[in-house]
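None of the figures in this text is laboratory data; all of them are computed from the coordinates on show. Quick caveat, the model's predicted, so the values are computed rather than measured. Reconstructed Cβ throughout: ideal geometry from the backbone, glycine too, with neighbour counts over all protein chains shown.
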Amino acid sequence: MQPIYQTRQSLNEKLIVQERQWCRFMPKLLPLIYRIHQVLPITEETNLCFSNDLAIKKLNGQFRGKNKPTNVLTFELPDGGMVGGDIIFALQTIQKEASQNKRPFMHHLAHLMIHGLLHLQGYDHIYVNDAKEMEMKEALLLQKLNIPNPWKLYPLRSL
């Protein structure tokens, strides 16, 4: 799928929009990315790709063996020496989750951006202790953005 919108901002992150519906969020999305960058720097080697359920379902099947869409996928750079990679967001799944959990869409998206960026820094949630550590870091960073802790409302689920 070809990008609909692609740019480099002063933060040096690369934004790729593959799903046209994301364009309506750009006025709020760009300031959100800037705010997140203030609490968790986004490296020049990081691409943020705003896609859809169909594309992410294909990637989820190909790389994780799961034939279903997910909210976000993170792919680290292959060399392992630099912090960076691709973070891909599925609009429809994110909208559905935000609605089901009665959370503002941009709050949920901020949480998923931080989640993906933490994966690029080596955090993971395969094991319970690692998941708790990652959740605490997410909650702390979201607090700095004045976004409520999602884990207080929606405790850890099996992943």
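Report, by residue number, each residue of the stretch 117-142 that is in contact (Cβ under 8 Å) with a residue 12 or more places away in the chain, in contact with a Phe, Trp or Tyr (Cβ under 8 Å, 6 or more places away or on another chain) and within 23 Å of Pro78 (Cβ to Cβ).
Selection gives Met134 alone.
I'd like to verify a number: residues in the stretch 87-134 that are assigned to a helix (DSSP H, G or I), under 14 Å from the mean Cα position of the chain (by Cα) and acidic (Asp, Glu), how many?
Number satisfying all stated conditions: 1.
If you go through the stretch 62-72 one residue at a time, do you hit one that is surrounded by 14 or more Cβ atoms within 10 Å (Cβ to Cβ) and either in a helix (DSSP H, G or I) or at positive phi (or both)?
Taking every residue of the stretch 62-72 in turn, none turns out to be surrounded by 14 or more Cβ atoms within 10 Å (Cβ to Cβ) and either in a helix (DSSP H, G or I) or at positive phi (or both).
Exactly one of (1) closer than 16 Å to Lys14 by Cα; (2) surrounded by 15 or more Cβ atoms within 10 Å (Cβ to Cβ) is unmet by Pro31. Its number?
For Pro31, the failing item is (2).
For the stretch 35-84, give me the residue count where each residue is touching a strand residue (DSSP E or B) at 6+ places or on another chain (Cβ under 7 Å) and among the aliphatic types (A, V, I, L, M).
Result for the stretch 35-84: 6.
With over 19 Å from Glu138 (Cα atoms) and either aliphatic (A, V, I, L, M) or exposed (fewer than 13 other Cβ atoms within 10 Å of the Cβ) (or both) as the only criterion, which of Ala90, Ala110 stands out?
Ala90
For the stretch 73-86, enumerate the residues that are in contact (Cβ under 8 Å) with a residue 24 or more places away in the chain, in a loop (DSSP other than H, G, I, E, B) and not β-branched (Val, Ile, Thr).
If the condition is that a residue be in contact (Cβ under 8 Å) with a residue 24 or more places away in the chain, in a loop (DSSP other than H, G, I, E, B) and not β-branched (Val, Ile, Thr), then Leu77, Met82, Gly84 are the ones that fit.
Picking from Asp53, Asp79, which residue would you name as being farther than 28 Å from Asn146 by Cα, surrounded by 19 or more Cβ atoms within 10 Å (Cβ to Cβ) and either more than 15 Å from the chain's Cα centre (by Cα) or not hydroxyl-bearing (Ser, Thr, Tyr) (or both)?
On inspection, the qualifying residue turns out to be Asp53.
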